[in-house]
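Working notes, structure below.
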Amino acid sequence: MKVLENKVCIITGAASGIGWVTAQKFANEGATIVIWDVQKEKGESAVAELMASGAKASFQLVNTASFEATEQAAKEVFDTYGKIDVIINNAGITRDATLAKMSIDDWQKVIDVNLTGVFNCTKSVSPYMVNAGCGRIINTSSVVALYGNFGQSNYVAAKSALIGLTKVWSRELGRKGITVNAVAPGFIATDMIKTVPEKVINALLEKTPLQRLGQPEDIANAYVFLASDAASFITGQCLSVDGGITL
Ligand SMILES: NC(=O)c1ccc[n+]([C@@H]2O[C@H](COP(=O)([O-])OP(=O)(O)OC[C@H]3O[C@@H](n4cnc5c(N)ncnc54)[C@H](O)[C@@H]3O)[C@@H](O)[C@H]2O)c1
């Protein structure tokens, strides 16, 4: 039996990057995939690809920054599949600038998606898990939540807050059979880091014991583990998957 056989898994931001690779890996492990993303075309073609490979999958155009949208989408998932087993709160954006140059709008946009979006998704989905007496909530934090980063006040504020929320929700929801964990990816080769100058990437690699950027698969593997029965006694944790850069 595959490790996620028949699990209904919502993956936010799975139209591209780490989320998309996670969707493929979860589908290979037998999961039913629900993609929530703001990119309609990419999301729909991702689902078509998953279905062509024999997986059960659907796409919903959801801006996770809107509670109305996440609440409605969660209801639709439950009405369609009868349960929600796992949510990976993976959707995220960056709008980098130093404190002096960061606009209020860029501060707010990143907080809305990377922090409020995770609150919205978890608040919308968790009642179904509570009623079922089981569930897995996995939050995507970041290596920069653990040691800060130049030019990322908004992003680091949100990603650090997710580690705190992971602990709060694991305390609140543990008695209901739900585990809540976070993954803190290091620097992963996706579109998100295309704007990082080569010089900066090289400096990061020098500090990384494993001497490479992470691949989306590295993060997807951690999500599979945390969503699987093998992780049933793990909650409130933040797992670094970063090649050792935080050592
Ligand atoms: N790439 C890295 O080095 C790295 C490192 C640490 C953490 N992360 C985190 O991993 C997650 C995935 O990052 P990625 O590198 O795959 O990025 P990506 O930009 O490739 O993918 C992000 C996805 O989120 C979607 N999205 C953005 N705003 C949304 C919204 N409001 N509602 C729904 N979907 C939305 C995008 O459309 C996109 O499909 C993010 O939370 C990111 O912060 C990435």
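The values are calculated or read from the model by the stated rules, or taken from the named source; none is laboratory data. Keep in mind the model is a prediction, meaning the values are calculated, not measured. All Cβ positions, glycine included, derive from the backbone under ideal geometry; neighbour counts span all protein chains shown. Please note that ligands, DNA and RNA were not included when accessible areas were found on the heavy atoms of the full protein model with its side chains. Shrake-Rupley method; radii C 1.70, N 1.55, O 1.52, S 1.80 Å.
Could you check the stretch 180-206 and list, in sequence order, the residues that are out of contact with any Gly (no Cβ under 9 Å at 6 or more places or on another chain) and assigned to a loop (DSSP other than H, G, I, E, B)? If the condition is that a residue be out of contact with any Gly (no Cβ under 9 Å at 6 or more places or on another chain) and assigned to a loop (DSSP other than H, G, I, E, B), then 194, 195, 196, 197 are the ones that fit.
Taken over the stretch 207-236, residues that are assigned to a helix (DSSP H, G or I), more than 14 Å from residue 137 (Cα to Cα) and open to solvent by 70 Å² or more (accessible area, probe 1.4 Å) amount to 3.
Would you say residue 153 is in contact (Cβ under 8 Å) with a residue 40 or more places away in the chain and near the ligand (Cβ under 10 Å from one of its atoms)? No: the conditions fail for residue 153. Would it be correct to say that residue 20 is buried (at least 22 other Cβ atoms within 10 Å of the Cβ), part of a strand (DSSP E or B) and within 14 Å of the ligand (Cβ to nearest atom)? It is false that residue 20 is buried (at least 22 other Cβ atoms within 10 Å of the Cβ), part of a strand (DSSP E or B) and within 14 Å of the ligand (Cβ to nearest atom).
Residue 140 meets the conditions (1) away from the ligand (no atom under 13 Å from the Cβ); (2) surrounded by 16 or more Cβ atoms within 10 Å (Cβ to Cβ) in every case but one. The failed one is (1).
Please determine whether any residue of the stretch 68-79 is part of a loop (DSSP other than H, G, I, E, B), buried (at least 16 other Cβ atoms within 10 Å of the Cβ), more than 17 Å from the chain's Cα centre (by Cα) and away from the ligand (no atom under 12 Å from the Cβ). Among the residues of the stretch 68-79, not one is part of a loop (DSSP other than H, G, I, E, B), buried (at least 16 other Cβ atoms within 10 Å of the Cβ), more than 17 Å from the chain's Cα centre (by Cα) and away from the ligand (no atom under 12 Å from the Cβ), which makes the answer no.
Applying the condition of being open to solvent by 30 Å² or more (accessible area, probe 1.4 Å) and within 14 Å of the ligand (Cβ to nearest atom) to the stretch 176-192 and asking which residue is farthest from residue 246 (Cα to Cα) yields 191.
Note on the stretch 26-54: residues that are within 12 Å of the ligand (Cβ to nearest atom) and hydrophobic (A, V, I, L, M, F, W, C) amount to 4.
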